[in-house]
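S.K.: Supplied in C-alpha cells, the structure appears directly below.
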Amino acid sequence: MFLIILGTVTITTAFFSSSFAPELIKEKIPYVLKPLEYESLKIRVDDWQKAVRSEKFGLKEKIIGEGFGASTRIFRENELAQSWSRFYTFQEIDNGYYYIYHRGGYLLLALFIAVHLYLLTRIKLLKAKIGFITVIGFTCLLSIHYFNNIYYLIIPFLVLEGSYDFRNSKNFKIQEN
C-alpha cells in the first residue's frame, strides 16, 4: 500500500513538473501547496477574525445565538484602492461553524457536532469516514454551502441509509445492455 501511495505521488509530481501539464493547473499548484497564500482564503480568515472581534454577545446570545436574520458587519479595507474600502454586512460569514454559532449559539453548534458525530459512528468504512469528515469539515470551514444548498442534505441521508445492501436486495435489478 505504501509503495502505491509513493508511486502515485511520484508520478503526479513528475507529471505536473513536466511540459505536458496544462498551464492553468501549473498556475494553481502554488495555491494548493501553500493555501494560506491564496487571496480568497486570506480574505475569509480576515473577515472571520473581524466578525469574532466585533461581536458583542452577552451570555444569552452565546448560548442561543442571535437567531434567524442575524447579520455581521465588518469593515474591509482595500489597500490598492482606498475608495473601495467600506463596511460589509453579511447575513452569514463565509465560515459554517461561525454561521451556526452566530445564528444558534453554542447550543446549536453542540447539537450540530453531536449529530455529525452520530452520523460518523454509522459509517462503517474508514475511507468513507475520512471522506465524510473532509466534506463536512472543509465545507463548513470555507463556506456555508453545507447549510444553504439543498444537495448537501443527501449526505446525512446516504450515511443513514448506507447500511442497506442494494446488491442483495430482491427489489434491486441491474439493467443489462
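S.K.: Looking at the structure I just gave you, is residue 155 outside any helix (DSSP H, G or I), modelled with pLDDT under 85 and not aromatic (Phe, Trp, Tyr)?
M.R.: Against the criterion (outside any helix (DSSP H, G or I), modelled with pLDDT under 85 and not aromatic (Phe, Trp, Tyr)), residue 155 does not qualify.
S.K.: Could we say that residue 117 is loosely packed, with under 11 Cβ neighbours inside 10 Å, under 30 Å from residue 68 (Cβ atoms) and of a type outside the set (Val, Ile, Thr) here?
M.R.: For residue 117, the condition - loosely packed, with under 11 Cβ neighbours inside 10 Å, under 30 Å from residue 68 (Cβ atoms) and of a type outside the set (Val, Ile, Thr) - is met.
S.K.: Are any residues in segment 54-72 at pLDDT 85 or above, exposed (fewer than 13 other Cβ atoms within 10 Å of the Cβ) and within 22 Å of the chain's Cα centre (by Cα), and if so, which ones?
M.R.: None - no residue of segment 54-72 is at pLDDT 85 or above, exposed (fewer than 13 other Cβ atoms within 10 Å of the Cβ) and within 22 Å of the chain's Cα centre (by Cα), so the list stays empty.
S.K.: May I pose another question? Restrict the check to segment 88-111 and report whether at least one residue is of a type in the set (Phe, Trp, Tyr), in a helix (DSSP H, G or I) and more than 26 Å from residue 56 (Cα to Cα).
M.R.: For segment 88-111, residues of a type in the set (Phe, Trp, Tyr), in a helix (DSSP H, G or I) and more than 26 Å from residue 56 (Cα to Cα): absent.
S.K.: Examine segment 17-24 for a residue that is part of a helix (DSSP H, G or I) and either of a type in the set (A, V, I, L, M) or loosely packed, with under 10 Cβ neighbours inside 10 Å (or both), and state whether such a residue exists.
M.R.: The answer is yes; a qualifying residue exists.
S.K.: Additional query: May I ask you to say which residue of 50, 56, 28, 60 is in contact (Cβ under 8 Å) with a residue 12 or more places away in the chain and at negative phi?
M.R.: 50
S.K.: Another question about this same structure. Is it true that some residue in segment 99-117 is in contact with a strand residue (DSSP E or B) (Cβ under 8 Å, 6 or more places away or on another chain) and within 30 Å of residue 39 (Cα to Cα)?
M.R.: Within segment 99-117, one or more residues are in contact with a strand residue (DSSP E or B) (Cβ under 8 Å, 6 or more places away or on another chain) and within 30 Å of residue 39 (Cα to Cα).
S.K.: Could I ask something else about it? Please go through segment 48-80 and give me each residue that is outside any loop (DSSP other than H, G, I, E, B) and more than 21 Å from residue 112 (Cβ to Cβ), ordered by number.
M.R.: Scanning segment 48-80 gives 49, 50, 53, 54, 73, 74, 75, 76.
S.K.: Taking segment 120-137 as the search range and keeping residues that are assigned to a helix (DSSP H, G or I) and of a type outside the set (A, V, I, L, M), which one is surrounded by the fewest Cβ atoms within 10 Å (Cβ to Cβ)?
M.R.: Per the stated criteria, the residue is 127.
The values are calculated or read from the model by the stated rules, or taken from the named source; none is laboratory data. Owing to the predicted nature of the structure, the values given are computational and were not obtained by experimental measurement. FYI the Cβ positions are ideal-geometry reconstructions off the backbone, even for glycines, and counts take in every protein chain you see.
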